[in-house]
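Scroll down for the structure; my scribbles are underneath it.
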Amino acid sequence: MIEETPPFVETMIQDWSLLSENWRVGLVVFGLVFGTATVAYLASLFVYALEKRFQRTSNLWDDTFLHAARKPVVAFVWLQGVYWAAEVAHKFSEAEIFKVNDTVLRLGFVWLLVWTVLRLIKEGEAILSSPVKMEKPLDYTTVTAVSKLSRAVVIITAVLIMMQSLGYSISGVVAFGGVGGIAVGFAAKDLLANFFGGFIIHLDRPFKVGDWVRSPDRNIEGTVEHIGWRLTTIRTFDKRPLYVPNAVFTTIAVENPSRMFNRRISETVGIRYADVSLMETIVDDIREMLQNHEDIDNKQTLIVNFLTFNSSSLDIMVYTFTKTVDWTTFHKVKQNVLLKISQIIESHGAEVAFPTRTLHMVENAPAEAMAEPAESVGKGGRASRAQSRQGEAAGSQNDEA
């Protein structure tokens, strides 16, 4: 910032009589703007060269800072150069627009500082969550949340500083914001509930972007695409976007299958009753097959036992866990396990049971079993016998006729 026109500039304008004063002022302003453009270009090249040099070092933050500061440095040169040109023009002009030079310069400095900090936050977010640049990258959801909160703090602080520069009292603004905040809180309670719900998600981290989540309380299931301050976007398995307000997650139970360590195979296989003598051998072979299977985690629970006498089968319980948690790979492993179980059953000459029913017919039954009981209890029994005798009499009459 300068308080007055440099003496050499003022002397050149006043003493150089070849052109009129307006032309001389215009040439000086043009020269300052042209010089500003030249210095800005050279500053950009200088910072870019430093950035390329620091990229060859192992430190990631030096070239990150230079990359974040390169454009604000160029903008600073333009701001200062244009301010000087405007001060020269204001010295020889009474235009009202030049009276705000100092205010524009102060606001410009604040804006450049905020721009630099915001670019630095963005670059830091990319580094901290990148598996290429970091050996142990931080969780993307957490880094994004901290980045958003940091940007909000920087912007709010910059707005308050600019208002103070414009002559407004910050204490009055804060007091007005407190009273207005109460009214806004009552009017936008759902919005605030979603905001704090998003804050709780970022704090507790029950899921992150890319996780498969589902809720037994609501019809919610899919892959998390984005966690905002108001909404969480979930892509369902039929590829439709589902937008869930963050306040919902504070009142429901959420499952995160993406964080499981294993996937479970729980099946019941039945063999025929005729193969009961082979049951123990079949069970032992299935257990041995699972213990030696390369895709089965033997550190987890493994159960293969004769379970129950079912209505048409002898049931075997197969309970084990796979090493993979990938959904597609899990089904391939499960298919392989079931096919091997069927091969074991067939190798022993047994068969997998299916629902059947056996009807036993009694041959040469005694006559007493087919005869009608001598006595029946109740009026219904006597009526039935009377009707039967009447039917027999009518049948005899018809035969005689």
Note, ³J(HN,Hα) from phi for segment 264-272, Karplus 6.51, -1.76, 1.60, rounded to Hz, x at Gly and Pro
9, 10, 10, 9, 10, 10, x, 10, 5
Environment charge of F199, counting only residues whose C-beta is closer than 13 Å and scoring Lys/Arg +1, Asp/Glu -1
+2
If you plug each phi of segment 107-124 into the Karplus form 6.51 cos²θ - 1.76 cosθ + 1.60 with θ = phi - 60°, what whole-Hz ³J(HN,Hα) values come out, in order, with x for Gly and Pro?
5, x, 4, 4, 5, 5, 5, 5, 4, 5, 5, 5, 5, 5, 5, 5, 5, x
Using θ = phi - 60° and the Karplus relation 6.51 cos²θ - 1.76 cosθ + 1.60, list the HN-Hα couplings for segment 286-291 in order, rounded to whole Hz, with x at every Gly or Pro.
5, 5, 5, 4, 5, 5
Point-to-point label distance, Q343-R259, nm (Cα→Cβ direction, 7 Å offset):
3.9
Report the FRET efficiency, 1/(1 + (r/R0)^6), for V33 and H226, where r is their Cβ-Cβ distance and R0 is 45 Å, rounded to 0.05.
0.50
Give the dimensionless ratio obtained when the Cα radius of gyration of segment 190-258 is divided by 2.2 N^0.38 Å.
0.98
Taking amide hydrogens as modeled 1.01 Å from N in the peptide plane, which residues meet the under 5 Å criterion relative to G270, leaving out close sequence neighbours?
I316, A353
I'd like the FRET efficiency for E135 and N298, computed as 1/(1 + (r/R0)^6) with the beta carbon distance as r and R0 of 35 Å, rounded to 0.05.
0.65
Near the amide H of R218, under 5 Å away, which other amide H atoms are found, from residues 5 or more places off or on another chain, if H is placed in the peptide plane?
none
So, with +1 on the Cβ of K and R and -1 on the Cβ of D and E, and no other charges, what is the size of the charge dipole of segment 261-347 about its Cα centre, to the nearest 20 debye?
340
Label-reachable residues, segment 36-53, where backbone N falls under 20 Å from a point 7 Å from A75's Cα toward its Cβ
36-49, 51
Amide H contacts under 5 Å for H226, restricted to residues at least 5 apart in sequence or on another chain and with H modeled in the peptide plane, are T233
If you take the square roots of the eigenvalues of the alpha-carbon gyration tensor of segment 261-347 and sort them as a ≥ b ≥ c, do you get rounded (a/c under 1.5), prolate (a/b over b/c) or oblate?
prolate
With a Förster radius of 51 Å, plug the Cβ-Cβ distance of L359 and Y243 into 1/(1 + (r/R0)^6) and report the FRET value to the nearest 0.05.
0.30
In this structure, among K148/K208; K299/K332; K136/K299; K239/K323; K133/K208, pairs with alpha-carbon gaps over 24 Å are K136/K299; K239/K323
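Every number in this text was worked out from the coordinates using simple rules, so none of it is lab data. Because the structure is predicted, anything quoted here is derived from the model rather than measured. Note that each Cβ is placed from the backbone with ideal geometry, even for glycine, and that neighbours are counted across all protein chains shown.
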